[in-house]
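Asker: Before I ask anything, let me first share the structure, which is written out below as structure tokens.
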Amino acid sequence: MKNIQEWLGHSNFNTTADVYSHLDYSSKYESANAINQALTQTKKEKQVDDKNKQKTRQELEDEILHLQQLIKEQEEQERIEKEREEKRKQKKRQQAEM
């Protein structure tokens, strides 16, 4: 305000303050709005990040379950193949004994 008084050549600070105080209020109001928008945006971005982390965590858990299922299926296939191989060997032994 003091700078404005000097620029305008007012001899009394009160004159400048009475006429131009709205500028100071406007500056504060605009600054407050800018800060509010920045903080609100940051908060929203954090919420989005948290949702993405949860989504990613859920996707990873789903992938783990899928891989566990694939492992079980592979183990079952190996067990079945092993049983077949044992039956073949047993059949060959029986044929050899005859």
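Read-outs throughout are calculated quantities, based only on the coordinates presented, and are distinct from any laboratory measurement. Bear in mind the structure is a predicted one, so any value in this text is a computation, not a measurement.
Asker: Between residue 86 and residue 4, what is 0.36 nm times their sequence separation minus the Cα-Cα distance? Round to one decimal in nm.
Answerer: That works out to 19.6 nm of additional length.
Asker: Once the Cα gyration tensor of the chain is found, what semi-axes does its equivalent ellipsoid get, as square roots of 5 times the eigenvalues, in whole Å, sorted largest first?
Answerer: Numbers: eigenvalues 1552, 15, 4 Å².
The three semi-axes for the chain are 88, 9, 4 Å.
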